[in-house]
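Participant: Sharing a structure with you now.
The values are calculated or read from the model by the stated rules, or taken from the named source; none is laboratory data. What you see is a predicted model; the values in this text were computed from it and never measured. When we count neighbours, we look across all protein chains shown, and the Cβ atoms used for this are built from the backbone with ideal geometry, even at glycine.
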Amino acid sequence: MTKAFETFLIGLDEKEKAVFLPRFHTLVAGASGTGKTEADRKIIAEILKAIPDLKVVVFDVKETGRDWEGFGHDVPIYVKTATDVRFLRDLIETSEGRKIDWFLYELSIATEKAETWREVLANLERRLEETKKRYPKGSIREEKIGILILYMKALVKDLESVRISRELVLPHQINVVAVNRESQAFKELAVYSYVSEILDKQKYLVVIDEGSLLAPRERGTGCKRVIRRLFKAGRAAELYGIVSDQEITGIDESVRRQCWNWILGMQTEVAAQKRTADQIPGKSVKPDQIATLGVGWFYAVIRTPGKTEIKKFYLLPEGIPIETGKMLVRGELSIEEMMEKIAELRMKKVDEDLVYKERCENLERRMEEMKTEMSKLREQRDEFKNLCEKLKAEMPDKVELQNMKNELERTRENLVDAQRKLMRYSSLESFLTDFVRDAVKEAVPQVSPTASEVSVNVQSTVTDFNVTRLRETLSATDKDLQGQVLLLAAEGWFKEKRRISQVRDELRRAFNTSPRPGTIEKTLAELVAKGILEREKASQGGWLYWLKPEAEKLIKVKNTLTDEAK
Ligand SMILES: Nc1ncnc2c1ncn2[C@@H]1O[C@H](COP(=O)(O)OP(=O)(O)O)[C@@H](O)[C@H]1O
Ligand SMILES: [Mg+2]
């Protein structure tokens with residue numbers, strides 16, 4: 001590979017040699033669970049190392065759940081109110097699953113001068129009324145507009161049900177746009193909105209996980225056009241794209257063509273194995289070889305101008321040292337052990353992030369407080385300044401000042417004199433007191449002057465002691481955190497050693513509460529102090545907590561009704 005192309009480390013080949021990828025658009029394909037998301041993460045991390053001021057936008061779209069949780073930061077979902085007719089057509093076509101070219105004329109009239117989706121809908125409704133007046137009942141035109149109104153209504157309902165931002169906000173290095181739970185139309189609109197903005201910018205990396213959902217082959221979507229444009233934009237603009245999906249052939253050809261790097265993983269279906277092998281230049285990889293790739297193992301097709309290379313490699317997950325990767329390649333470490341290592345690494349990070357986040361929030365709060373304090377001080381300072389000005393203005397003249405000074409000096413001298421006299425007087429007083437006391441002592445020696453002292457004779461005997469230890473009673477209910485933790489303990493949940501993040505998840509699951517990690521930690525520490533829980537440092541950092549075996553019988557759960565329930 002020539003030096004003209006920036007490259008980054010992606011993994012190791014079977015001979016433990018490092019494999020590098022040029023910094024181009026990349027396509028990642030493989031059956032579910034083969035390590036595509038892991039590959040995306042690695043590429044993101046490596047490109048960020050080279051371009052630290054690059055911004056990453058990840059679209060987390062998979063319906064089955066959050067793939068990117070704990071990675072980067074969620075951002076409010078930005079959408080444009082796009083009312084242009086082609087966009088709306090695409091959007092309606094994907095959400096309805098049918099072509100609506102037939103309706104395009106009516107839609108284009110309705111979108112003219114419309115600023116919002118509601119206005120498009122209102123225009124359609126107005127036109128329906130006009131049509132009803134001018135044409136016989138049940139005309140084709142009436143039917144068309146009627147159907148469009150139904151489509152538009154469904155769309156507007158979909159789009160308006162999500163909390164959205166009208167501004168593109170990408171404050172983080174890695175920004176995750178989580179649209180997993182939104183409708184397909186909404187996903188497309190979000191991707192369209194972000195990508196069309198990013199197209200005018202520089203230094204962005206856009207990650208399109210599940211590419212066939214957003215830029216599929218043989219089908220239009222609301223965002224396919226902008227995705228194509230993004231992948232056409234070259235490295236000159238420092239715009240990069242990663243698109244991943246289960247199969248290479250599911251992704252739009254134009255997007256696929258722009259990806260000079262392909263990372264191809266295992267396929268489960270025979271047909272898919274064949275389709276993948278067919279895509280690899282020179283037919284140098286057989287379908288069987290695709291079928292037998294392990295998790296994290298891929299064939300890379302690496303194209304640079306004038307050269308195409310095909311390499312089998314193990315993808316080194318982000319945060320895993322090369323030496324550990326080599327152990328896996330040599331077979332000294334199983335893939336399960338490696339997965340465990342990755343999970344540990346990530347878990348630690350989530351825990352650290354939680355604590356860190358809270359610390360940040362506390363700092364922010366303190367900052368706010370300091371800011372208010374500062375502004376108060378500033379006000380006081382200004383007041384003082386004004387006062388000084390005023391005083392300066394009202395200052396008496398020099399002669400008067402000198403007189404005042406003299407008078408002050410005289411008063412001071414008088415004061416010093418008075419103090420001296422006072423001291424003399426007090427030493428005289430103490431002399432007299434001593435004198436009188438000694439005189440009295442001499443006169444009546446049997447009287448003790450300190451009558452408050454009492455002497456007691458203690459007879460040394462053997463004494464029995466009865467000690468009753470009062471066990472502290474802890475009252476808690478399932479409405480407070482301590483009670484909830486104790487309930488979990490009573491149910492046996494704390495028999496296993498638990499991390500704070502697990503406790504947090506369990507609290508959310510069992511009681512639908514989400515206290516801060518710091519609060520949870522405090523409560524757990526209190527229960528440790530009270531001898532109910534035990535804890536130890538976890539090998540990957542943080543604490544592990546569990547129920548002291550003998551403490552189990554100390555927790556008594558009483559079921560009562562609350563006042564409301566009664
Ligand atoms: N290179 C790898 N080495 C070790 N484990 C991996 C590797 N790639 C993925 N995994 C593990 O395999 C599982 C699935 O990976 P993931 O990237 O989510 O797959 P996909 O996105 O293809 O469904 C995860 O538990 C992940 O940690
Ligand atoms: Mg994935």
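Participant: Would you point out which residue out of 37, 116, 26 is at pLDDT below 95 and closer than 30 Å to residue 301 by Cβ?
Facilitator: Every option except 37 fails the conditions.
Participant: Counting only residues that are in a strand (DSSP E or B) and charged (D, E, K, R), which one in the range 291-340 is nearest to ligand 1 (Cβ to nearest atom)? Can you show your working first?
Facilitator: In the first step, residues of the range 291-340 are kept if they are in a strand (DSSP E or B); the result is 297-304, 307-315.
When the remaining residues are screened for being charged (D, E, K, R), the result is 303, 307, 309, 311-312.
Values: 303: 23, 307: 26, 309: 20, 311: 15, 312: 13 Å.
That would be 312.
Participant: Follow-up. When residues of the range 211-243 are filtered for being within 16 Å of ligand 1 (Cβ to nearest atom) and surrounded by fewer than 24 Cβ atoms within 10 Å (Cβ to Cβ), how many remain?
Facilitator: Looking only at that region, the number is 2.
Participant: Looking only at residues in the range 198-249 that are part of a helix (DSSP H, G or I) and polar (S, T, N, Q), which one is nearest to residue 184 (Cα to Cα)?
Facilitator: It comes out as 212.
Participant: Just checking, how many residues over the range 10-41 are surrounded by fewer than 24 Cβ atoms within 10 Å (Cβ to Cβ) and more than 9 Å from ligand 1 (Cβ to nearest atom)?
Facilitator: Matching residues across the range 10-41 total 12.
Participant: Within the range 68-99, which residues are on the phi > 0 side of the Ramachandran plot and loosely packed, with under 15 Cβ neighbours inside 10 Å?
Facilitator: Of everything in the range 68-99, those that are on the phi > 0 side of the Ramachandran plot and loosely packed, with under 15 Cβ neighbours inside 10 Å turn out to be 70, 97.
Participant: Given the residues 346, 366, which is the only one that is in contact with a Phe, Trp or Tyr (Cβ under 9 Å, 6 or more places away or on another chain), part of a helix (DSSP H, G or I), over 30 Å from residue 287 (Cβ atoms) and outside the structural domain of residue 17 (by TED's automatic domain parsing)?
Facilitator: 346
Participant: Which condition from (1) touching an Asp or Glu at 6+ places or on another chain (Cβ under 6 Å); (2) surrounded by fewer than 18 Cβ atoms within 10 Å (Cβ to Cβ); (3) among the β-branched types (Val, Ile, Thr) is the one that residue 145 breaks?
Facilitator: Failing condition for residue 145: (2).
Yes/no per residue for (1) of a type in the set (Gly, Ala, Ser); (2) not assigned by TED's automatic domain parsing to the domain that holds residue 198:
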residue	(1), (2)
18	yes, no
33	yes, no
38	no, no
43	no, no
52	no, no
90	no, yes
103	no, yes
